Amino acid sequence: MNNIFTVKEAILKLEHFCAYQERCHAEVVSKLYSLKMSLDEIDFIVVQLIENNFLNESRFACSFARGKHRIKSWGKIRIINELKARHISSVNITLALKEISPEEYEITFEELSERCWRSTQEKNVLKKRKKFCDYMLRRGYESNLVYEKVTQLEKDL
């Protein structure tokens, strides 16, 4: 099969790629490298995608934050780190975090922590506490929230 794409073909392919799901600039550039495009062509294509609104970093960041919080119950720290790994600007990260209301964040945290505490099969309270804290911190919740919650859950034992 012919693996050489013209700029026009690459733009069409990337428009479809971006229309299917929100993408960040890094994903698009990586895809263009895999299509064996030159640096000049990549720059040109990225500009075209931005001008035609197929590529919008703030829209990507907001969509990413909403989705990861609502679907995967990620906390703010994990969302921030994942966005940073995708080279999203701090302005867009701040904008993205505003997509999660404090009420929604608290409800998700409470539900996830209660479920985690109940499902942790551990007789030793210290080990259970460690497993709970590790899990909640891995999900990206702030340590002060996690430690306050584990203290409350232990009192309810």
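The values are calculated or read from the model by the stated rules, or taken from the named source; none is laboratory data. In this text the structure is predicted, and so the values were computed from the model without any measurement. So basically every Cβ, Gly included, is an ideal-geometry build from the backbone, and we count neighbours across all protein chains shown.
Contact annotation: residue pairs with Cβ atoms under 7 Å, 6 or more positions apart or on different chains, pairing a residue in the stretch 104-117 that is outside the structural domain of residue 65 (by TED's automatic domain parsing) with a partner that is aromatic (Phe, Trp, Tyr), are 109/141; 116/132; 116/135; 117/132. Residue 49 satisfies every condition listed in (1) in contact with a Cys (Cβ under 8 Å, 6 or more places away or on another chain); (2) touching a residue at least 40 places away in the same chain (Cβ under 8 Å) except (2). Close contacts from the stretch 15-30, counting a first residue that is under 19 Å from residue 68 (Cβ atoms) and a second that is among the small types (Gly, Ala, Ser) and surrounded by 18 or more Cβ atoms within 10 Å (Cβ to Cβ), with Cβ to Cβ under 8 Å and a gap of 6+ residues or different chains, come to 24/61.
Rundown of residues vs (1) surrounded by 13 or more Cβ atoms within 10 Å (Cβ to Cβ); (2) more than 29 Å from residue 9 (Cα to Cα); (3) under 17 Å from the mean Cα position of the chain (by Cα), yes/no style:
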position	(1), (2), (3)
71	no, yes, yes
74	yes, yes, yes
98	no, yes, yes
106	no, yes, no
118	no, yes, no
128	yes, yes, no
134	no, yes, no
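Pairs linking a residue in the stretch 132-157 that is assigned to a helix (DSSP H, G or I) to a residue that is loosely packed, with under 11 Cβ neighbours inside 10 Å, with Cβ atoms under 9 Å and 6 or more positions apart or on different chains, are 154/125.
If you check 126, 157, 153 for being of a type outside the set (Val, Ile, Thr), in contact with a Phe, Trp or Tyr (Cβ under 9 Å, 6 or more places away or on another chain) and at pLDDT below 95, only one passes: 153.
Can you work out which of the residues in the stretch 81-96 that are of a type in the set (S, T, N, Q) and assigned to a helix (DSSP H, G or I) is surrounded by the most Cβ atoms within 10 Å (Cβ to Cβ)? Out of the qualifying residues, it is 92. Only one of 66, 78 is part of a helix (DSSP H, G or I), over 17 Å from residue 27 (Cα atoms), of a type in the set (D, E, K, R) and touching a residue at least 60 places away in the same chain (Cβ under 8 Å); which? Unique residue meeting the criteria: 78.
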